[in-house]
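Peer 1: Have a look at the structure that comes next, please.
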Amino acid sequence: MALSNFVPSVYAASTMAALDTALTYGSDGITNRDYEGDVSEFGGSVIINTVADPTIESYAAYTDMAGGNAATSPQTMTIGEKKAWSLNVDDVDRAQARDDVDFVGKVSARAAHLLAKTADAYIAGLMAAAVTPGTEVTVDAAAEAYDLLVDLGTALSENDVPEDGRWVVITPKLRGFLLKDPRFVATGDALGGTTRSSGVVGQAAGLTVLVSNQAPAGPGAGAGKLILAGHSLAVTYAEQVSKVEALRHPKQFVDILRGLHVYGAKVVRPTALVARDVIGA
């Protein structure tokens, strides 16, 4: 008999929650989930309409305004990624497991962690493809790491990106540099005792600072890492754990656990992203 306490709807919800917790580049606040409710199954797509800005013009009394049409510029986000996981559990192994261990729950949580790493790398890759990082920079000291954050924030300001909600994703090595800088130590814990999202380690230079091992490789010859900063307006992301199930192997005393994750992302406002190719990160 297949696992008697397996409730697909419960474990599907559990895996989805674990994915939301584990994501960094795809976490809420880094990307937006504005169109997630439109996702159904793999292969679908979401049409995103962007309305043109109104024209600002000088006004003269009793004179017709030039006006402009509210033309839309549609973009398509395809739910084109599908990743699956599966695990076979022999009855003997299952019988020898401790009764107080939520076996299926732990398997689902581990699967969610690995799926999140894959999705994060995918989203980071889309971001990287949408930005031009410019000349490589070298960071090998605490002050240089903090100055990097300031420079990224300045670049966002030059692109008219809203100040509220800005973020940067750094590597563990860069975080180590920042922890040696009193400016970061003084402001990095500005979140205090509040619950932090996955990867968030503090705030500095007007940016919410997150840490991830999924930073893309820089495009330069110096084997650097691409440090991305931006705003959630830049990228939209949608995901769905469409299936989590258990079934009995037809020729073995084995339960098969498996799940499917479908998702897609789209850089809709590339000007709300900036990056630096950082040697030493």
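Peer 1: Within the range 74-93, can you find the residues that are touching a Gly at 6+ places or on another chain (Cβ under 7 Å) and either without any contact (Cβ under 8 Å) to a residue 40 or more places away in the chain or among the charged types (D, E, K, R) (or both)?
Peer 2: 81
Peer 1: Mind counting the residues in the range 150-169 that are touching a strand residue (DSSP E or B) at 6+ places or on another chain (Cβ under 8 Å) and within 13 Å of residue 230 (Cβ to Cβ)? Full working, then the answer.
Peer 2: Here is the first cut: in the range 150-169, the ones touching a strand residue (DSSP E or B) at 6+ places or on another chain (Cβ under 8 Å) are 151-153, 155-156, 159, 161-162, 165-169.
This time we only want the ones that are within 13 Å of residue 230 (Cβ to Cβ), so: 152-153, 155-156, 159, 161-162, 165-169.
Qualifying residue count for the region: 12.
Peer 1: Looking at the range 85-101, which of its residues are modelled with pLDDT of 70 or more and more than 28 Å from the chain's Cα centre (by Cα)? Write out each step before concluding.
Peer 2: Going residue by residue through the range 85-101, those that are modelled with pLDDT of 70 or more are 85-96.
Answer for the range 85-101, where residues must be modelled with pLDDT of 70 or more and more than 28 Å from the chain's Cα centre (by Cα): 88, 89, 90, 91, 92, 93, 94, 95, 96.
Peer 1: Also, I was wondering about something else. Just for the range 1-31: of the residues that are surrounded by fewer than 19 Cβ atoms within 10 Å (Cβ to Cβ) and closer than 25 Å to residue 274 by Cα, which one is modelled with the highest pLDDT?
Peer 2: 29
Peer 1: Also: Looking at (1) surrounded by 21 or more Cβ atoms within 10 Å (Cβ to Cβ); (2) farther than 28 Å from residue 96 by Cα; (3) aliphatic (A, V, I, L, M), which is the only condition residue 257 fails?
Peer 2: Evaluating residue 257 over (1) surrounded by 21 or more Cβ atoms within 10 Å (Cβ to Cβ); (2) farther than 28 Å from residue 96 by Cα; (3) aliphatic (A, V, I, L, M) leaves (2) as the failure.
Peer 1: Based on this model, can you work out whether residue 248 counts as more than 21 Å from the chain's Cα centre (by Cα), farther than 24 Å from residue 17 by Cα and surrounded by fewer than 22 Cβ atoms within 10 Å (Cβ to Cβ)?
Peer 2: Working: more than 21 Å from the chain's Cα centre (by Cα): yes; farther than 24 Å from residue 17 by Cα: yes; surrounded by fewer than 22 Cβ atoms within 10 Å (Cβ to Cβ): yes.
Yes: the conditions hold for residue 248.
Peer 1: Looking only at helices (runs of 4 or more DSSP H) that lie completely in the range 88-160, which have at least 1 residues being among the hydroxyl-bearing types (Ser, Thr, Tyr) and surrounded by 14 or more Cβ atoms within 10 Å (Cβ to Cβ)? It would help to see each step written out before you state the result.
Peer 2: Values: elements: 91-96, 103-129, 142-158.
Once the helices (runs of 4 or more DSSP H) in the range 88-160 are filtered for at least 1 residues that are among the hydroxyl-bearing types (Ser, Thr, Tyr) and surrounded by 14 or more Cβ atoms within 10 Å (Cβ to Cβ), what remains is 103-129, 142-158.
The values are calculated or read from the model by the stated rules, or taken from the named source; none is laboratory data. Note that the coordinates shown come from a computational prediction; the quantities given were computed from them, not determined experimentally. Cβ sites come from the backbone with ideal geometry, for glycine too, and all protein chains shown count toward neighbours.
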